[in-house]
1. Quick check: is even one residue across region 100-111 under 14 Å from the mean Cα position of the chain (by Cα), hydrophobic (A, V, I, L, M, F, W, C) and within 17 Å of Asp60 (Cβ to Cβ)?
2. Among the numbered criteria (1) modelled with pLDDT under 90; (2) under 17 Å from the mean Cα position of the chain (by Cα), which one does Gly48 miss?
3. Where the second residue is surrounded by 24 or more Cβ atoms within 10 Å (Cβ to Cβ) and charged (D, E, K, R) and the first is in contact (Cβ under 8 Å) with a residue 40 or more places away in the chain and within 23 Å of Asp42 (Cβ to Cβ) and lies in region 148-166, which pairs have Cβ atoms under 9 Å and are six or more apart or on separate chains?
4. Suppose the filter is closer than 19 Å to Leu101 by Cβ and among the aromatic types (Phe, Trp, Tyr); does Trp143 pass it?
5. Return the residues of region 55-92 that are of a type in the set (S, T, N, Q) and either touching a residue at least 24 places away in the same chain (Cβ under 8 Å) or over 19 Å from Gly35 (Cβ atoms) (or both); say none if nothing qualifies.
6. Taking Gly76 and the conditions (1) among the small types (Gly, Ala, Ser); (2) crowded, with 17+ Cβ neighbours inside 10 Å; (3) at pLDDT 90 or above, which numbered condition does it fall short on, given that it satisfies the others?
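The values are calculated or read from the model by the stated rules, or taken from the named source; none is laboratory data. Just so it is clear, the structure is predicted and the values come from calculations on it, not from any experiment. Cβ sites come from the backbone with ideal geometry, for glycine too, and all protein chains shown count toward neighbours. Protein only, heavy atoms only, side chains kept; ligands, DNA and RNA dropped before computing areas. Shrake-Rupley method; radii C 1.70, N 1.55, O 1.52, S 1.80 Å.
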Amino acid sequence: MKALLAAGLLLAAAVGCDRAARGERVRPFAPWEAGRTLVYRDPADASGNRLQVRVARTEDRPDGLRVTETFSTLSGQAQSMLRLKDGGAWLVLDASEARVLPAGFPDKVTEWTDRGLVNRVVGRGRPDLPGVTLPDPDAVGVWVESSPVQGEGFRRRTLLLPDLGEVQTLTWRNGRWETTNILISQGFTDEREAVK
């Protein structure tokens, strides 16, 4: 479940655009609308376990948009809060914040280091999500690659889309990219609906 929650936190990213320069709110590349529900699966997980991410609450504050998300799997639930502002995303902790994406991402900041990982914008692309109806079928996403600062280790690429965040994650294994998390459903639900 920790891997699923970590993947879910990455999908809470926000990206910048030229609207910020005109004083308009930057369109987040994270789920931010209350009730928005995203369901993910790992194609290699034979158990059928899925991760559901639901925006429980959104609050517009002077320091940014506060988004409370609920992460659910068959084995339990967790909740987190994000602050989205100027293309950046921060995980709000008890007495501090942990940066997920820097302000100015992806147009002004294309590389950053956090918690032992180097993160780079490596390109833009459109998702291939069979059976998923997207809010904007023409949306172009941003691919971010993460790898350890020192030494060999895993490499991960995540495709982020406007208003949804993570829609696909690839992990480098055995000399090729393998899908390890993919969006299989998105829409709006109310509080009474559970993981499907």
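1. Within region 100-111 (the criterion being under 14 Å from the mean Cα position of the chain (by Cα), hydrophobic (A, V, I, L, M, F, W, C) and within 17 Å of Asp60 (Cβ to Cβ)), the answer is no, since none of the residues qualifies.
2. Going through (1) modelled with pLDDT under 90; (2) under 17 Å from the mean Cα position of the chain (by Cα) one by one, Gly48 breaks only (2).
3. Going by the 9 Å Cβ cut-off, the qualifying pairs are Thr158/Glu166; Leu160/Glu166.
4. Details: closer than 19 Å to Leu101 by Cβ: yes; among the aromatic types (Phe, Trp, Tyr): yes.
When the stated conditions are applied, Trp143 passes them.
5. Thr58, Ser72, Thr73, Ser75, Ser80
6. (2)
One line per residue, one yes/no per condition, for (1) in contact with an Asp or Glu (Cβ under 6 Å, 6 or more places away or on another chain); (2) open to solvent by 20 Å² or more (accessible area, probe 1.4 Å); (3) over 30 Å from Glu152 (Cβ atoms); (4) not in a strand (DSSP E or B):
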residue: Ala46; (1), (2), (3), (4): no, yes, no, yes
residue: Gln52; (1), (2), (3), (4): no, no, yes, no
residue: Asp60; (1), (2), (3), (4): no, yes, yes, no
residue: Glu69; (1), (2), (3), (4): no, no, yes, no
residue: Ser72; (1), (2), (3), (4): no, no, yes, no
residue: Leu82; (1), (2), (3), (4): no, no, yes, no
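So that you can scan it fast, the table gives a plain yes or no per residue for (1) modelled with pLDDT under 95; (2) not aromatic (Phe, Trp, Tyr):
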site: Leu11; (1), (2): yes, yes
site: Ala21; (1), (2): yes, yes
site: Arg25; (1), (2): yes, yes
site: Phe29; (1), (2): yes, no
site: Arg36; (1), (2): no, yes
site: Ser96; (1), (2): yes, yes
